[in-house]
1. So residue B:156 ticks every box in (1) part of a strand (DSSP E or B); (2) closer than 16 Å to residue B:230 by Cβ but one. Which box is left unticked?
2. Any idea which residue in region A:315-340 is farthest from the other protein chains (Cβ to nearest Cβ), counting only those that are assigned to a helix (DSSP H, G or I) and under 17 Å from residue B:148 (Cα atoms)?
3. Identify the residue in region B:288-314 that is over 25 Å from residue B:169 (Cα atoms) and more than 19 Å from the chain's Cα centre (by Cα) and, among all such residues, is farthest from the other protein chains (Cβ to nearest Cβ).
4. Output yes when any residue across region A:203-215 is over 16 Å from residue A:161 (Cβ atoms) and surrounded by fewer than 16 Cβ atoms within 10 Å (Cβ to Cβ), and no when none is.
5. Which of (1) part of a helix (DSSP H, G or I); (2) crowded, with 24+ Cβ neighbours inside 10 Å does residue A:298 not meet, given it meets every other one?
6. Restrict the check to region B:307-315 and report whether at least one residue is surrounded by fewer than 17 Cβ atoms within 10 Å (Cβ to Cβ), outside the structural domain of residue B:243 (by TED's automatic domain parsing) and over 24 Å from residue A:291 (Cβ atoms).
7. Give region B:120-153 a look and list any residue that's assigned to a loop (DSSP other than H, G, I, E, B) and under 17 Å from residue B:300 (Cβ atoms), or say none.
């Protein structure tokens with residue numbers, strides 16, 4: 001029996017996940033939900049630009065799709081914030097369907113919005129389904145992976161995680177989202193207006209690490225997003241940034257315990273940046289780990305969401321985090337074998 | 001309530017774990033078992049060279065210690081092979097005690113010795129206890145960590161894992177165990193006599209990765225241990241190796257599927273070796289990860305064994321592997337909080 005999946009959100013990431021799932025053995029895509037009038041009513045294959053129909057028509061009526069398709073799980077990829085996705089998640093839950101979501105705040109919902117998290121958790125338990133927010137970041141690189149690496153240490157003083165992305169290797173919307181090509185003044189205006197939000201998830205990642213290690217933090221500090229100004233001309237296929245203009249952004253967040261900085265996350269994305277993901281644990285033994293180049297964000301999110309499908313289906317009901325599932329792994333073959 | 005631990009085996013690694021556990025909050029060491037006549041009857045503090053008594057006398061009567069101390073878990077660190085530890089593990093199980101063990105073959109017992117594994121599993125389930133074999137390797141660096149990293153990939157062609165240890169940074173017994181200072185002829189004789197066994201665990205690590213990924217391997221090939229001959233003089237604090245003599249050893253194991261090498265593990269340990277642990281996943285996205293220097297084996301094993309104590313106590317009964325527990329993590333603070 002294949003795993004029946006409904007896609008909720010066919011945007012940039014949702015479309016990539018959709019293409020991956022359509023090629024996976026053991027997966028059957030049985031429905032697709034999106035509000036974009038350009039997509040509603042069209043065959044999913046057409047929306048994805050596959051040049052063929054796949055027999056699933058995109059609908060903007062989530063309840064109807066879920067009632068008719070009766071999926072095992074919804075792959076949810078719409079928005080980053082809890083309050084924005086709350087109704088969507090609750091609709092899935094009320095239809096008795098598990099959810100794996102790219103919603104960044106949902107990766108540790110209890111820190112982002114404990115009230116909504118409690119409602120989701122209670123509803124999920126009542127309906128016997130599981131809800132997980134995950135992805136490459138938050139979800140893996142700056143939380144699950146440092147947590148896993150910490151397992152070799154019998155003493156830990158502090159953990160420092162960096163993600164550094166050369167935005168030139170990414171989609172144009174990503175390059176725009178980080179403000180590449182703007183003046184510093186334009187960048188600051190777009191920050192104020194909320195057009196530039198920076199990376200969502202640093203607070204969640206710190207909370208997840210602290211929970212895993214049993215650290216009761218005094219507080220989590222998320223510094224304001226900073227523009228990274230080009231010192232010399234840098235460019236991508238789409239944008240040329242002259243010296244003095246913004247090449248991208250940098251964000252730092254800290255977990256403080258006993259007045260001491262014990263967790264530091266540093267997210268950097270600009271055109272021309274060195275590409276790596278690094279984790280340094282000041283502990284016994286010390287651990288200095290680096291992934292070079294950094295894991296591709298979009299591809300990695302497709303991987304994480306796809307691979308967590310059987311884990312979410314198997315997990316106990318409720319709103320869970322990456323700490324509640326068994327060790328994550330790829331599902332390169334028949335995805336349904338993981339459920340046996 | 002602290003977690004009550006009995007130590008089974010106070011050898012090189014067992015002693016290091018013991019020292020760590022005696023310093024951990026939330027842990028109470030309530031018994032110690034060893035067969036060494038130089039240790040039996042002495043206070044554990046004296047055996048560990050702490051310069052003070054800890055109120056636990058080392059005994060060679062496992063059954064008596066377990067009956068009297070009634071621990072929550074046994075930390076077992078005696079031997080590498082299933083058949084050698086079978087009776088010890090069964091004694092713990094029959095006393096209703098969970099076990100976390102450094103026994104390499106126990107990390108994936110179903111591949112090493114399915115018959116004994118089945119007996120242990122059935123007995124553990126009957127007595128409601130959990131048994132886990134783990135450590136830094138096998139247990140983490142060449143299996144759990146590549147499995148976790150695979151979670152970002154939605155396609156995987158192959159996985160290559162290397163562990164390269166500069167033996168000069170390790171204990172003298174380790175340097176001797178890998179044949180440092182021998183002639184090639186002496187090395188080969190000691191291989192034949194079983195004095196040099198190489199690293200135990202490559203087969204288990206490959207099987208664990210394949211299981212996690214749903215790969216049904218045609219076979220696992222473990223190549224014979226190879227001596228690494230010094231090209232120029234290399235030395236440690238204890239051993240000087242002239243050119244032409246053995247500096248250490250190298251071992252390769254392969255997982256074959258569909259006639260293709262899909263998993264390759266390479267273990268290298270010699271005096272003068274570059275130190276790193278690396279994982280390369282040929283997949284989408286590709287992952288190239290490196291820990292530099294390599295994680296210290298003894299310290300890492302102390303970390304893994306200590307940190308898995310609450311996970312094993314919480315896990316469902318039976319003989320489990322690292323795949324069956326939630327994401328491993330350090331327990332730097334009160335270890336007992338992880339059980340709440």
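The values are calculated or read from the model by the stated rules, or taken from the named source; none is laboratory data. The shown structure was predicted, so the numbers you read here are calculated from the model rather than taken from an experiment. No Cβ is skipped: glycine too gets one built from the backbone with ideal geometry, and neighbour counts run over all protein chains shown.
1. Single failed check for residue B:156: (2).
2. Of the residues in region A:315-340, the ones assigned to a helix (DSSP H, G or I) are A:322-324, A:335-339.
From what is left, the residues that are under 17 Å from residue B:148 (Cα atoms) are A:322-324, A:335, A:338.
On the way: A:322: 6, A:323: 6, A:324: 6, A:335: 8, A:338: 6 Å.
My answer is A:335.
3. We begin by selecting, within region B:288-314, every residue over 25 Å from residue B:169 (Cα atoms); these are B:288, B:308-314.
Keeping just the survivors that are more than 19 Å from the chain's Cα centre (by Cα) gives B:288, B:314.
Numbers: B:288: 6, B:314: 12 Å.
Restricting to residues being over 25 Å from residue B:169 (Cα atoms) and more than 19 Å from the chain's Cα centre (by Cα), the top hit is B:314.
4. Taking region A:203-215 and keeping what is over 16 Å from residue A:161 (Cβ atoms), we get A:214.
Adding the requirement that they be surrounded by fewer than 16 Cβ atoms within 10 Å (Cβ to Cβ) leaves none.
Checked region A:203-215: no residue is over 16 Å from residue A:161 (Cβ atoms) and surrounded by fewer than 16 Cβ atoms within 10 Å (Cβ to Cβ).
5. (2)
6. Yes, there is a match, as at least one residue in region B:307-315 is surrounded by fewer than 17 Cβ atoms within 10 Å (Cβ to Cβ), outside the structural domain of residue B:243 (by TED's automatic domain parsing) and over 24 Å from residue A:291 (Cβ atoms).
7. Initially, region B:120-153 is screened for residues assigned to a loop (DSSP other than H, G, I, E, B), giving B:128-129, B:134-143, B:151-153.
Within region B:120-153, B:134, B:135, B:136, B:137, B:138, B:139, B:140, B:141, B:142, B:143 meet the criteria.
Each row is one residue, and each column tells you yes or no for (1) out of contact with any helix residue (DSSP H, G or I) (no Cβ under 9 Å at 6 or more places or on another chain); (2) surrounded by 24 or more Cβ atoms within 10 Å (Cβ to Cβ); (3) closer than 19 Å to residue B:154 by Cβ.
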| position | (1), (2), (3) |
| --- | --- |
| A:5 | no, yes, yes |
| A:13 | no, no, yes |
| A:37 | yes, no, no |
| A:92 | no, yes, no |
| A:102 | no, yes, yes |
| A:106 | no, yes, no |
| A:109 | no, yes, no |
| A:112 | no, no, no |
